[in-house]
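Below: one structure, written as structure tokens.
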Amino acid sequence: MESAALYRRRVTRRRRLQRQVHYGAMAYAPAAIALTTFRERVNLPPWLAVAIASGAPLAVAAALPPRSRVRYAAAGMAYMWLFKISWELPADDEGTHRRRLNVDYPIRFDSVLCGGAPPSQRLQRALRRSGSVSLLDGAVCVIYGSWFLPHVLLGYALLRHPQYVPRAAGRLAASYHLTTPFYWFVPTAPPWWASEVAGQMDGEVRRVVRHVVCKVLDRPPPSEDDEVPGNPWGSMPSDHISSAAMTAMALSEIGVAHGVVGWLYVSGAAFAVIYLGEHYLMDVLAGLAIAEVVRRAEPLAAPVVRAVAYALE
């Protein structure tokens, strides 16, 4: 049986280590965000930038009180920042990224699946009048612009059903970040880019979102040469759909009515991204598949996640 003096020394060492980890995490998170944000000024390679950024969510979690709503919210925002950075970074070297760009394979897939023409082309041909913005265009853009709804619903669960949040938040983060390797290794042009820039699909698929925004802001119609911020070739798979499906699965665990709301949103979002020319049907199916993979893999990943969480505590 250890002496009281030895026990006190062990407790003192443990508390010292906890303070070091806490203060180290508090310093790492803002430093990682700043370094990654200004990566071009310091000539930070993309692979190193994503490695540095990947530690930010864990640092945020380690810096905040355990099992608190503040920690859940802050870590969730850090994960979304990490996803945004991971989505943007492949396009930093635009020349290399452009040479590796895939344009044709999703068009062929959608054409075979839908009887000769991709759904985006069919829907815009049937429901849009070229050069004008309709009420349907505006309504669908509102649905598309509600990409943050899964996070709002997760916030609702945090307030009303907090016992579901740790698992739901972890699965939502996984559904986002499992899409990012495709953006690095299989850069794929969305339907609007393939149509407007590459001349595919008879040039009939337009980026409706830009036309609606220009109409609302009373700006001139966009030019095909206009620069697209971020990563214009992060089309496959659809992170919009994978996150929405993952949220619908989590809502279904809370109750049937919650699940119905979640899956109705998935249906509306799937129509929106295809109609607007932002994604192919192939991208939507791949997003749904990623959500299902996350759901099925959760029992296998849970012990590792619990070990990391225990270490943070």
Discussion item. So, residue 12, is that one without any contact (Cβ under 8 Å) to a residue 24 or more places away in the chain, outside any loop (DSSP other than H, G, I, E, B) and farther than 30 Å from residue 199 by Cβ or not?
Written reply: yes
Fill in: Unique residue being closer than 30 Å to residue 90 by Cβ, in contact with a Ser or Thr (Cβ under 6 Å, 6 or more places away or on another chain), assigned by TED's automatic domain parsing to the domain that holds residue 90 and modelled with pLDDT of 80 or more when the list is 34, 53
53
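Yes or no: residue 47 assigned to a helix (DSSP H, G or I) and surrounded by 15 or more Cβ atoms within 10 Å (Cβ to Cβ)?
Details: assigned to a helix (DSSP H, G or I): yes; surrounded by 15 or more Cβ atoms within 10 Å (Cβ to Cβ): no.
For residue 47, the condition - assigned to a helix (DSSP H, G or I) and surrounded by 15 or more Cβ atoms within 10 Å (Cβ to Cβ) - is not met.
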Discussion item. Six or more apart or on different chains, Cβ atoms under 6 Å: show the pairs whose first residue is in segment 126-150 and assigned by TED's automatic domain parsing to the domain that holds residue 261 and farther than 13 Å from residue 273 by Cα and whose second is among the polar types (S, T, N, Q) and part of a helix (DSSP H, G or I).
Written reply: 150/243; 150/247
Response to the item:
Wholly inside segment 96-204, helices (runs of 4 or more DSSP H) that include 2 or more residues that are within 16 Å of the chain's Cα centre (by Cα) and modelled with pLDDT of 80 or more are 135-145, 165-177, 180-185
Fill in: Tally, over segment 259-278, of residues that are surrounded by fewer than 20 Cβ atoms within 10 Å (Cβ to Cβ) and either modelled with pLDDT of 85 or more or not small (Gly, Ala, Ser) (or both)
7
Item to complete: Out of 220, 229, report the one residue that is part of a loop (DSSP other than H, G, I, E, B), at pLDDT below 85, surrounded by fewer than 21 Cβ atoms within 10 Å (Cβ to Cβ) and under 20 Å from the mean Cα position of the chain (by Cα).
Response: 229
Worksheet item: Before we move on, is residue 41 outside the structural domain of residue 272 (by TED's automatic domain parsing) and either modelled with pLDDT under 80 or not in a helix (DSSP H, G or I) (or both)?
Response: yes
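The values are calculated or read from the model by the stated rules, or taken from the named source; none is laboratory data. Please read these numbers as outputs of a predicted model, since none were measured by experiment. With ideal geometry, Cβ positions are generated from the backbone for all residues, glycine too; neighbour counts draw on all protein chains shown.
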